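The values are calculated or read from the model by the stated rules, or taken from the named source; none is laboratory data. Bear in mind the structure is a predicted one, so any value in this text is a computation, not a measurement. Here the Cβ positions follow ideal geometry from the backbone for every residue, glycine too, while neighbour counts run over all protein chains shown. With ligands, DNA and RNA removed, areas are computed over all heavy atoms of the protein, side chains included. Shrake-Rupley method; radii C 1.70, N 1.55, O 1.52, S 1.80 Å.
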Amino acid sequence: MVNKQLVQGVPANVITGFLGVGKTTAIRHLLESKPDGERWAVLVNEFGEVGVDGAFFKPDQEDSVYIREVPGGCMCCAAGLPMQVALNQLLAKSRPHRLLIEPTGLGHPREVLAALSDVVRSGVLDLRCTLALVDARCIEDDRYLRSETFRQQLEVADLVIANKSDLYGPEDLQNLQRFLSFSGKDTEQPLQVVEQGRIELDWLHLPSRFQASAGGNHQHPAPKEADEVELLPACGYLRSENSGEGYYSCGWRFSPEFIFDYDALFSLFSAAEAERIKGVFITGQGVFGFNRAGEVLTVLELDDILESRVEVLNQIRLGWDEMERSWIDAIAGDQNAETKVFNESR
């Protein structure tokens, strides 16, 4: 554990929510609102193997913002070791004034909080309000209602936030409030309603009521440590798959030498049948992040990335080979032809 003389009493918030609810957007907003002179650290967990979310944040900004990823599944598994290693390294590097933790939307928030218990008891972290983002439009979706993860997200939340309210219909918010009431959710803190992840900084200061108990016995493969990055093969791209919690994921990493066609990527993301697809690409028009949740696609211009990456998530395993060919076809110009020749010669 980090030397307590160096790191002590860091306020920490867990920001949770189901797939596509806007957690990354909310954290981006918080970082933009960060008080001047404070150093913040963000620990991001992804279900997919390749790690895309970290690229949606700006690169580490010394004495300002530090980002760390734990890809490949729920970071609380294997006795929380992957999370502990990443957390120790992040705290030692940044010595932050605040820590934000974003678990995967398919993770287990109760176990994530339990895995933090030792760090909290030692005084390294000061656990504050756990925020759960919810899209009220999806409250009657069976994927939500049958999900133990979603129920946990509400149970552990100190504050429930209805995000994307600008997209709600006339009954959506009322349905969410009714659901929370029927589920017995403590209403000490009123439901907050926001657009585009605009979380208020003051909400981070609210106290946590979490009390650690015996951990659950869910199991899946331990995620890779953030520094375990496999080298790309000679073809210039690598595919990685994962499954669990009723979902399948497939991700690709591409050499930074590959320049993609922006319009081809936009068409692919728009037409994709996957429930969730997120990627960051180096294109002829610049560097862009593509984020599709359900039928909504958003595109964000980014400063820079080390390489192009994309992750697809769906409850039914999709045709990964066909999808891979589509990504390769989206590589611009002569690079596309050279990659095809290499693949055909294998």
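Just the residues that are in a helix (DSSP H, G or I) and among the β-branched types (Val, Ile, Thr), please, taken from segment 144-190.
Selection gives Thr149, Val156.
Does Asn336 satisfy the criteria of being crowded, with 16+ Cβ neighbours inside 10 Å, touching a helix residue (DSSP H, G or I) at 6+ places or on another chain (Cβ under 8 Å) and modelled with pLDDT under 90?
yes
Identify, please: which residue in segment 271-289 is of a type in the set (D, E, K, R) and not in a loop (DSSP other than H, G, I, E, B) and is, among those, most open to solvent (accessible area, probe 1.4 Å)?
For segment 271-289, the residue satisfying everything is Arg276.
Test Val10 against the stated conditions and say whether it is farther than 25 Å from Arg276 by Cα and among the β-branched types (Val, Ile, Thr).
Judged against the criteria, Val10 is a match.
Taking the criterion of being closer than 28 Å to Arg276 by Cβ and at pLDDT below 95, would at least one residue in segment 324-331 satisfy it? Reasoning before the result, please.
At the first step, the residues of segment 324-331 found to be closer than 28 Å to Arg276 by Cβ are 324-331.
Subset that is at pLDDT below 95: none.
No: zero hits.
Quickly run through segment 63-115 and pick out the residues that are under 16 Å from Ala132 (Cβ atoms) and either out of contact with any His (no Cβ under 8 Å at 6 or more places or on another chain) or at pLDDT 90 or above (or both).
Correct list: Leu100, Ile101, Glu102, Pro103, Thr104, Gly105, Leu106, Gly107, Pro109, Arg110, Val112, Leu113.
Kindly indicate the residue of segment 137-159 that is of a type in the set (A, V, I, L, M, F, W, C) and buried (at least 24 other Cβ atoms within 10 Å of the Cβ) and also nearest to Glu275 (Cα to Cα) among those meeting that condition.
So, considering only residues that are of a type in the set (A, V, I, L, M, F, W, C) and buried (at least 24 other Cβ atoms within 10 Å of the Cβ), the one nearest to Glu275 (Cα to Cα) is Phe150.
Would you confirm, using the coordinates I've provided, whether Asp60 is surrounded by fewer than 18 Cβ atoms within 10 Å (Cβ to Cβ) and either modelled with pLDDT of 90 or more or closer than 26 Å to Phe290 by Cβ (or both)?
yes
Pick from segment 161-205 the residues that are basic (Lys, Arg) and under 20 Å from Ile15 (Cα atoms): which of them is most open to solvent (accessible area, probe 1.4 Å)?
Arg198
Report the residue count in segment 206-227 for those that are at pLDDT 85 or above and loosely packed, with under 13 Cβ neighbours inside 10 Å.
Residues flagged as at pLDDT 85 or above and loosely packed, with under 13 Cβ neighbours inside 10 Å within segment 206-227 amount to 1.
Kindly check whether there is at least one residue in segment 295-307 that is within 19 Å of the chain's Cα centre (by Cα), crowded, with 21+ Cβ neighbours inside 10 Å and of a type in the set (D, E, K, R).
No.
From Glu230, Glu245, grab the single residue that is open to solvent by 50 Å² or more (accessible area, probe 1.4 Å), modelled with pLDDT under 90 and touching a strand residue (DSSP E or B) at 6+ places or on another chain (Cβ under 7 Å).
None of the others qualify; the one that does is Glu230.
Applying the selection to segment 119-134, what residues are open to solvent by 10 Å² or more (accessible area, probe 1.4 Å) and not basic (Lys, Arg)? Walk me through it before giving the result.
First, pick out the residues of segment 119-134 that are open to solvent by 10 Å² or more (accessible area, probe 1.4 Å): 120-123, 126-128.
Listed by number, the residues that qualify are Val120, Ser122, Gly123, Asp126, Leu127.
Give the residues of segment 100-118 that are over 16 Å from the mean Cα position of the chain (by Cα) and open to solvent by 10 Å² or more (accessible area, probe 1.4 Å), sorted by residue number. Give the derivation first.
Taking segment 100-118 and keeping what is over 16 Å from the mean Cα position of the chain (by Cα), we get 110-111, 113-118.
Within segment 100-118, Arg110, Glu111, Ala114, Ala115, Ser117, Asp118 qualify.
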